[in-house]
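Colleague: Supplied in structure tokens, the structure appears directly below.
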Amino acid sequence: MKAYIIKSESNVEFKGIYKRKRMIMRNLLLGIITLLFLTSCSHRKEQRESVNEDYVTIPVPEQDINTDMSNTIPLSTFIDKIDIIPLEFDDSCILGEIRKVAICGDNIFVLESQRPGTVYRFNMQGNFSNKIGSKGQGPEEVIELSDFTVNEEEQLIYLLDNYRQTVLSCTFDGEVKEAIKINQYADQLHYKNGLFYLFYDEPVKGELYSLVVRDIHGGIKERFFPSKQYPISRTHQAFTPQEEGVLFSKPMNDTIYFLRDTEMSRLYWVDFGSLRFSPQEIEDIYMERTKSLDLLLQKNRVTSIDHVFRVGDWLCFKSLYKIIHIFFVYNIHTQELRTSVGSLYDDLEYMFYGNEFCGQTEDALIGIYDSERIMEDINQYAQHEKEGMITKEQKERFQSKMNALRRGDDTENMNPWILLYHVKKD
């Protein structure tokens, strides 16, 4: 089993490194913000005894975890091509920061971060179709839209109202079919094969398990990870859809699980060695006896795995080291692990601000390209050419393509773009 760092090998790529400083600084800021809200961690919790112990260990050599900005993974290492889908902008669909994207058939579903109450539906060309759900006190409205999930077989979308402890079942056109009472707090929801998977880290009342599996009517089928009822908890991207089941990971944990119906198995364990938090440090953070930022900086700790995705032969996840995001790309077939500091290096389209993954389809990773970042990249192409990062022909091709996709809109009249990173196949 190999683990190593990939560095850019050409002069062109090295010249591009310092252009990534602004992006690195953004990631530093995001890291600091994350740590300010990093109020909890969790070591391996007691769980149902039937969890399978046959799993793959992914060792992470400590020398591979560093803050050297020249350590980067070119996207072309595992990405074949990037499809860009600009989302239509009009008075009915003015989007801010996007929290979640799900793609189902010819539909793109988008949930905002700041004004959650509605899911926006677009087609695969980026044209706006309709809204699903609305915020309010009525029986067919949501008070607190925490998450959504899609039932592709029945063409339904489920809206999780954490405040009411209810799941609203809606058609893709937005018609409310029924309200399903779940009687528990949850901030994440995933649907698969007639089951709801609900997650909330360390609940202190109601259903005192972090992960609960329910049937389509809200009845409990299984529970995992009894809550320690710490006074604090944190959010985390817990679920990743797969063809045969669901990948699952907990906040501040180093294990990736696989859920198939009501059965759970341990799939991967990421071994950070002495860089991981000790059980005592985890408890101290949960109980607010110490700050995670202090431990990360003073003891050179790594947080945990987050944003886990698996497409084809590739497993991707990220973590925080000190205050820097570290991205990991693991080849399941060759068992080689590669690490990248700050972000991945886009040597395909030179979109330096778009290459953070937020979801996946069967054959692609999903990214979000913020409108302000789009304009920054377009305006930087001439400088990229001057510094030898790209040729004149590449500059003209990139500028022409991006301006055509922009449809003449300026930053104030643009929605974010959806990026589909199609993963290479052996």
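The values are calculated or read from the model by the stated rules, or taken from the named source; none is laboratory data. Note that the structure is a prediction, hence the values are computed from the model and not measured. Here Cβ is always computed from backbone atoms with ideal geometry, including for glycine, and neighbour counts include all displayed protein chains. Note: areas computed on protein heavy atoms with side chains; ligands, DNA, RNA excluded. Shrake-Rupley method; radii C 1.70, N 1.55, O 1.52, S 1.80 Å.
Colleague: Taking R0 as 22 Å, what FRET efficiency do you get between T290 and V204 from their Cβ-Cβ distance, rounded to the nearest 0.05?
Modeller: 0.60
Colleague: Could you please state how large a percent of the accessible area of the range 94-140 is carbon and sulfur, counting protein chains only and using a 1.4 Å probe?
Modeller: Reported share for carbon and sulfur atoms: 45 percent.
Colleague: For the range 164-259, calculate the relative contact order in percent as a whole number, restricting contacts to Cα pairs under 8 Å that are 6 or more residues apart.
Modeller: 18
Colleague: What do you get for chymotrypsin sites (Phe, Trp or Tyr not before Pro) in the range 118-221 restricted to DSSP loop and a cutoff of at most 15 other Cβ within 10 Å of the site's Cβ?
Modeller: Y163
Colleague: How high is the relative contact order of the range 213-329? Use alpha-carbon pairs under 8 Å, at least six apart in sequence, and give a whole percent.
Modeller: Contact order relative to length: 18 percent.
Colleague: Right, something else. Counting heavy atoms of the protein chains only and a 1.4 Å probe, report the per residue accessible area for the range 332-402 as a whole number of Å².
Modeller: Heavy-atom SASA per residue in the range 332-402 reads 39 Å².
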